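Asks: Okay, handing you the structure first.
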Amino acid sequence: MASILLLHGPNLNLLGQREPAIYGTTTLADHQERVIRAAADRGHTVEVLQSNHEGELVDAIHSARGRHVAIIINAGALTHYSWSIHDALGAFEGRVVEVHISNPHARESFRHVSVVAPKAVCTIAGLGAEGYDLAVRAAVVNAPSR
Ligand code: CA2
């Protein structure tokens, strides 16, 4: 059985309350529940954290070392400029999977760059809630389950 860390960055606590045309009506709790269920179906557990503070996310990534086999991360807008998250992910020995609900490449040009992507095995974007199911599959490829 493996453990996954699911991280969400700034403003994602507002999911389902604002901007439904871009992000849908699914709440953060719904996305987290979906990941927990998809992981449980495969015999794995999930720890979740959402933070509006970059340093808290960096601390969580540091703490993941030796505790989680994979990190699924939607870093929100920090995706596009947080070199501290980039560096922290570089020190994590497990698998990193990047997720976005929308497709940043189809939006404003500042969203076209991800500093998370170079540290991830893959990026899943533009699939809404279903992207999280695929992220779980990507996170635990080859991980032994119970
Ligand atoms: O599509 C995604 O998942 C994003 O990571 C969402 C981020 C955005 O900065 C990225 O470019 C793409 C923004 C999350 C903000 O979420 C809100 C939700 C409801 C109301 C306002 C913001």
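The values are calculated or read from the model by the stated rules, or taken from the named source; none is laboratory data. What you see is a predicted model, and the numbers here were worked out from it, not measured in a lab. A quick note on method: Cβ atoms are made from the backbone with ideal geometry, for glycine too, and the neighbour counts reach across all protein chains shown. Side chains are part of the model used for accessible areas, which takes the heavy atoms of the whole protein and leaves out ligands, DNA and RNA. Shrake-Rupley method; radii C 1.70, N 1.55, O 1.52, S 1.80 Å.
Asks: Taking the criterion of being open to solvent by less than 80 Å² (accessible area, probe 1.4 Å), in a helix (DSSP H, G or I), in contact (Cβ under 8 Å) with a residue 12 or more places away in the chain and more than 16 Å from the ligand (Cβ to nearest atom), would at least one residue in segment 87-110 satisfy it?
Replies: Yes; the residues of segment 87-110 include at least one that is open to solvent by less than 80 Å² (accessible area, probe 1.4 Å), in a helix (DSSP H, G or I), in contact (Cβ under 8 Å) with a residue 12 or more places away in the chain and more than 16 Å from the ligand (Cβ to nearest atom).
Asks: Which one of 137, 95, 107, 111 is modelled with pLDDT of 95 or more and in contact with a strand residue (DSSP E or B) (Cβ under 6 Å, 6 or more places away or on another chain)?
Replies: Values: 137 fails: in contact with a strand residue (DSSP E or B) (Cβ under 6 Å, 6 or more places away or on another chain); 107 fails: in contact with a strand residue (DSSP E or B) (Cβ under 6 Å, 6 or more places away or on another chain); 111 fails: in contact with a strand residue (DSSP E or B) (Cβ under 6 Å, 6 or more places away or on another chain).
None of the others qualify; the one that does is 95.
Asks: Let me ask something else. Might you let me know whether segment 50-62 holds any residue that is hydrophobic (A, V, I, L, M, F, W, C) and either assigned to a strand (DSSP E or B) or touching a residue at least 60 places away in the same chain (Cβ under 8 Å) (or both)? Break it down stepwise before answering.
Replies: Here is the first cut: in segment 50-62, the ones hydrophobic (A, V, I, L, M, F, W, C) are 57-58, 60-61.
Still in the list and also either assigned to a strand (DSSP E or B) or touching a residue at least 60 places away in the same chain (Cβ under 8 Å) (or both): none.
For segment 50-62, residues hydrophobic (A, V, I, L, M, F, W, C) and either assigned to a strand (DSSP E or B) or touching a residue at least 60 places away in the same chain (Cβ under 8 Å) (or both): absent.
Asks: For residue 35, which of the numbered conditions (1) assigned to a helix (DSSP H, G or I); (2) open to solvent by 10 Å² or more (accessible area, probe 1.4 Å); (3) among the aliphatic types (A, V, I, L, M) fails to hold?
Replies: Unmet condition: (2).
Asks: Which of (1) over 13 Å from the mean Cα position of the chain (by Cα); (2) within 15 Å of the ligand (Cβ to nearest atom); (3) surrounded by fewer than 19 Cβ atoms within 10 Å (Cβ to Cβ) is the odd one out, the single condition residue 129 does not satisfy?
Replies: Unmet condition: (1).
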